[in-house]
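Undergrad: Please see the structure below; I have some questions.
The values are calculated or read from the model by the stated rules, or taken from the named source; none is laboratory data. Computed from a predicted structure; not experimentally measured. Note that we place each Cβ from the backbone using ideal geometry, even for glycine, and neighbour counts take in every protein chain shown.
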Amino acid sequence: MSGTDGRSDADTGGGKAAAAPPAITTPRGRRPVVAALMLGMALAAIDGTIVSTAVPQIVGDLGGLTVFSWLFSGYLLAVTVTLPLYGKLSDTFGRKPVLIAGIILFLVGSVLCAAAWNMAALIAFRIVQGLGGGALQGTVQTIAADLYPLKERPRIQAKLSTVWATSAVAGPVVGGLLAGYADWRWIFLINLPVGAVALWLVVRHLHEPARPRPATRPRVDWAGALAVFATGSLLLTALVQGGVAWPWLSAPSLGLLGASAVLAALTVVIERRAAEPIIPGWVWQRRTIASVNLALGAMGLLMVAPTVFLPTYAQSVLGLGPIAAGFVLSVMTLSWPVSAALSDRVYNRIGFRRTAMIGMSAALLILLAFPLLPYPGEPWHPALLMLLLGAALGLFQLPLIVGVQSTVGWAERGTTTASVLFCRQVGQSIGAALFGAVANGVLAARLLDAPADGLPGDLDAVTRALEDPGAFSAAATDHVRRAVDAAVDYVYVGAAGAAALALLALVTLAPRRFPVITETAAPGAAETAKAAGGPETGS
């Protein structure tokens, strides 16, 4: 961010120099590489939405109604816990082999999912998919930063944001069509041609520069990787399944949380002793990276409100069908990439930190406005708020990602990007558990004096019951709808609290001006780098 002189992060000069490899490909070769990145990102982005619409058909064919949620939880867990490992591997051995391995692993998982014979096998193969998805998400974002200098990075980031927006809209449609008119197994087989094209483009057009051979053979911290994987797996399992598969204060929840705490302490010990740790200490010792990690973790927390609870609100309170409810949410994905694409015009003037603070301040006000919507209201009311929220979050997220990637050299960019994405994913998992408990608690309290007996006290059960017109009397139906409305209102207030935490992280931890490393090099030539001056240059 600008200091007292009003200059932006990218305008300052001087400071510590940093060396990095030359350009990752020629300017002419960027187009096929960018196409490969967008296709690779599409594989990961569309996966969750396309599967969700086919769940009834999958359960009808394979059974396993009580455990089908692991189709999503298992995938999310595998993606999240492998992000730090892939980030470190890409810094050690290069981006290309990690991305190729990720695409191949994702496609192998897709083929296995299509061949699944029961729900247990499908869940296991979804985890295999997730192991590939972790490589896709982190490495694609890292290569995007490698391809373009600072001033051009919003271009590629906006394209990747567009992929996520398109996938959010197209996924349910494609999944519904394939499940309804073909077979649910095609939602996995459709990944094969997309992934094959992406793989060919990467192999053919992505040319990483030759790097100096290190004096010692690179060592992978496999003990640390296993510790991170085990800790993340137990913690995410506790967060995802707590309050769903078992009560929060039950033995499984307490046991998993306790075991994850012990493993977390063990992970810290292992990483401190490792020569090349998976999660190096500098990720949290540098103010810029630590503040961005915490801010995006808080953003992951608040994102649970619109993505998880808004469709429930639209169907249960507004009485919309699934498609219309999805549209209320999808408008957020329309404004997000537009705002992200234009954000460079803001942060080039006032800096990364101040731009992100403006975006999150706007998001905070929008989230607080949601509980003020009239009951039952019109569908355009929440749709308008989500349109504004997408614009605000696009102004928040992209400057932070571009900014933090620009403060490190090539050899640290993969680890830095992975740490940011890891914190965002963990924030989403914590948010789902926390806000799910809040919503169910508010709902149960509001239904204590309902004008009917035997009403379900769980948000999911209430939502399913409201789909049956004869389930309740008119008075009971109105009471239940108002209870759902109150529950979602409290979730949005909680999301506003998460927005406040993101602002707090930026205000108290982030440097006023990011220590940007300016890279200027012709393709194939030795690269020179100049660290931008700032209050913590070289941090």
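Undergrad: Being in the same structural domain as residue 316 (by TED's automatic domain parsing), surrounded by fewer than 17 Cβ atoms within 10 Å (Cβ to Cβ) and outside any helix (DSSP H, G or I), is that true of even one residue in segment 381-399?
TA: No.
Undergrad: On to the next question. Determine which member of the set 59, 108, 81 is in contact (Cβ under 8 Å) with a residue 24 or more places away in the chain, within 21 Å of residue 39 (Cβ to Cβ), in contact with a helix residue (DSSP H, G or I) (Cβ under 9 Å, 6 or more places away or on another chain) and in a helix (DSSP H, G or I).
TA: Details: 59 fails: within 21 Å of residue 39 (Cβ to Cβ); 81 fails: within 21 Å of residue 39 (Cβ to Cβ).
Of 59, 108, 81, the one residue that is in contact (Cβ under 8 Å) with a residue 24 or more places away in the chain, within 21 Å of residue 39 (Cβ to Cβ), in contact with a helix residue (DSSP H, G or I) (Cβ under 9 Å, 6 or more places away or on another chain) and in a helix (DSSP H, G or I) is 108.
Undergrad: Next question. For the structure I just gave you, tell me whether residue 232 is surrounded by fewer than 16 Cβ atoms within 10 Å (Cβ to Cβ) and in a helix (DSSP H, G or I).
TA: Numbers: surrounded by fewer than 16 Cβ atoms within 10 Å (Cβ to Cβ): no; in a helix (DSSP H, G or I): yes.
Taking the combined requirement at face value, the residue does not satisfy it.
Undergrad: If you don't mind, there's one more thing I want to ask. If you scan segment 319-371, which residues turn out to be more than 21 Å from residue 176 (Cα to Cα) and among the aromatic types (Phe, Trp, Tyr)?
TA: Scanning segment 319-371 gives 336, 347, 352, 370.
Undergrad: If the requirement is being modelled with pLDDT of 85 or more and crowded, with 16+ Cβ neighbours inside 10 Å, which of these qualifies: 204, 185? Write out each step before concluding.
TA: Values: 204 fails: crowded, with 16+ Cβ neighbours inside 10 Å.
Residue meeting the stated conditions: 185.
Undergrad: Now a separate question. Could you tell me whether any residue of segment 307-320 is closer than 20 Å to residue 436 by Cβ and among the small types (Gly, Ala, Ser)? Quick ask: steps written out before the conclusion?
TA: As a first pass, look at segment 307-320 and keep what is closer than 20 Å to residue 436 by Cβ: 307-317.
Retained after the next criterion (residues that are among the small types (Gly, Ala, Ser)): 314, 316.
Yes, segment 307-320 has at least one match.
Undergrad: I'd like to verify a number: residues in segment 17-44 that are modelled with pLDDT under 80, surrounded by 17 or more Cβ atoms within 10 Å (Cβ to Cβ) and out of contact with any Pro (no Cβ under 8 Å at 6 or more places or on another chain), how many?
TA: Of all residues in segment 17-44, those modelled with pLDDT under 80 come to 17-30.
Retained after the next criterion (residues that are surrounded by 17 or more Cβ atoms within 10 Å (Cβ to Cβ)): 18, 20-25, 29-30.
With the extra rule that they be out of contact with any Pro (no Cβ under 8 Å at 6 or more places or on another chain), the set shrinks to 18, 20, 29-30.
Within segment 17-44, residues that are modelled with pLDDT under 80, surrounded by 17 or more Cβ atoms within 10 Å (Cβ to Cβ) and out of contact with any Pro (no Cβ under 8 Å at 6 or more places or on another chain) number 4.
Undergrad: Now for a different question. Please go through (1) among the aliphatic types (A, V, I, L, M); (2) closer than 24 Å to residue 294 by Cα; (3) crowded, with 20+ Cβ neighbours inside 10 Å; (4) under 20 Å from the mean Cα position of the chain (by Cα) for residue 366 and return the number of the only condition it doesn't satisfy.
TA: (4)
Undergrad: Scan segment 411-428 and tell me whether some residue there is modelled with pLDDT under 85, farther than 30 Å from residue 512 by Cβ and assigned by TED's automatic domain parsing to the domain that holds residue 351.
TA: Within segment 411-428, none of the residues are modelled with pLDDT under 85, farther than 30 Å from residue 512 by Cβ and assigned by TED's automatic domain parsing to the domain that holds residue 351.
Undergrad: Something else now. Using the structure shown, decide if residue 463 is more than 23 Å from residue 314 (Cα to Cα), within 29 Å of the chain's Cα centre (by Cα), outside any loop (DSSP other than H, G, I, E, B) and modelled with pLDDT of 65 or more.
TA: Working: more than 23 Å from residue 314 (Cα to Cα): no; within 29 Å of the chain's Cα centre (by Cα): yes; outside any loop (DSSP other than H, G, I, E, B): yes; modelled with pLDDT of 65 or more: yes.
For residue 463, the condition - more than 23 Å from residue 314 (Cα to Cα), within 29 Å of the chain's Cα centre (by Cα), outside any loop (DSSP other than H, G, I, E, B) and modelled with pLDDT of 65 or more - is not met.
Undergrad: Scan segment 512-519 and give yes if some residue there is modelled with pLDDT under 65, part of a loop (DSSP other than H, G, I, E, B) and surrounded by fewer than 16 Cβ atoms within 10 Å (Cβ to Cβ), otherwise no. Lay out the reasoning, then the answer.
TA: Our first condition is that a residue be modelled with pLDDT under 65; within segment 512-519, this holds for 519.
Filter once more, keeping what is part of a loop (DSSP other than H, G, I, E, B): none.
No, that holds for no residue.
Undergrad: While we're on this one: Name the single residue that is farthest from the chain's Cα centre (by Cα) among those in segment 400-418 being crowded, with 24+ Cβ neighbours inside 10 Å and more than 18 Å from residue 353 (Cβ to Cβ).
TA: So, considering only residues that are crowded, with 24+ Cβ neighbours inside 10 Å and more than 18 Å from residue 353 (Cβ to Cβ), the one farthest from the chain's Cα centre (by Cα) is 410.
Undergrad: For residues that are in contact (Cβ under 8 Å) with a residue 12 or more places away in the chain and closer than 15 Å to residue 489 by Cα, tally how many sit in segment 349-382.
TA: 12
Undergrad: For segment 131-182, how many residues are aromatic (Phe, Trp, Tyr) and either closer than 30 Å to residue 230 by Cβ or modelled with pLDDT under 75 (or both)? Outline the logic, then answer.
TA: Within segment 131-182, the subset aromatic (Phe, Trp, Tyr) is 148, 164, 181.
Now drop any that are not either closer than 30 Å to residue 230 by Cβ or modelled with pLDDT under 75 (or both), which leaves 164.
Matching residues across segment 131-182 total 1.
Undergrad: On to the next question. From the set of residues in segment 119-145 that are among the β-branched types (Val, Ile, Thr) and out of contact with any Asp or Glu (no Cβ under 9 Å at 6 or more places or on another chain), which is farthest from residue 94 (Cα to Cα)? Before you say what the answer is, go through the steps one by one.
TA: Filtering segment 119-145 down to residues among the β-branched types (Val, Ile, Thr) leaves 123, 127-128, 139-140, 142-143.
Next, from what is left, pick out any that are out of contact with any Asp or Glu (no Cβ under 9 Å at 6 or more places or on another chain): 123, 127-128, 139-140, 143.
Working: 123: 31, 127: 24, 128: 22, 139: 10, 140: 12, 143: 10 Å.
Filtering segment 119-145 for residues that are among the β-branched types (Val, Ile, Thr) and out of contact with any Asp or Glu (no Cβ under 9 Å at 6 or more places or on another chain), the one farthest from residue 94 (Cα to Cα) comes out as 123.
Undergrad: To continue, here is another question. Hey, among 340, 298, 290, which residue is touching a Phe, Trp or Tyr at 6+ places or on another chain (Cβ under 6 Å), more than 15 Å from residue 382 (Cα to Cα) and small (Gly, Ala, Ser)?
TA: Values: 340 fails: touching a Phe, Trp or Tyr at 6+ places or on another chain (Cβ under 6 Å); 298 fails: touching a Phe, Trp or Tyr at 6+ places or on another chain (Cβ under 6 Å).
Selected residue: 290, the only one of 340, 298, 290 that is touching a Phe, Trp or Tyr at 6+ places or on another chain (Cβ under 6 Å), more than 15 Å from residue 382 (Cα to Cα) and small (Gly, Ala, Ser).
Undergrad: Within the bounds of segment 468-481, is there any residue that is at pLDDT 90 or above and either β-branched (Val, Ile, Thr) or over 30 Å from residue 353 (Cβ atoms) (or both)? If you could, list the steps in order and put the result at the bottom.
TA: Our first condition is that a residue be at pLDDT 90 or above; within segment 468-481, this holds for none.
No, there is no match, as no residue in segment 468-481 is at pLDDT 90 or above and either β-branched (Val, Ile, Thr) or over 30 Å from residue 353 (Cβ atoms) (or both).
Undergrad: Restricting to segment 321-349, give me the number of residues that are within 15 Å of residue 393 (Cβ to Cβ) and in a loop (DSSP other than H, G, I, E, B).
TA: Result for segment 321-349: 1.
Undergrad: Next question. Could you run through segment 277-329 and say how many residues are buried (at least 22 other Cβ atoms within 10 Å of the Cβ), of a type in the set (A, V, I, L, M) and more than 22 Å from the chain's Cα centre (by Cα)?
TA: Of the residues in that region, 2 qualify.
Undergrad: Quick one: residue 116 ticks every box in (1) farther than 20 Å from residue 233 by Cβ; (2) in a helix (DSSP H, G or I); (3) touching a residue at least 40 places away in the same chain (Cβ under 8 Å) bar one, so which box is it?
TA: (2)
Undergrad: Considering only segment 222-265, how many residues are within 20 Å of residue 79 (Cα to Cα) and modelled with pLDDT under 80?
TA: 5
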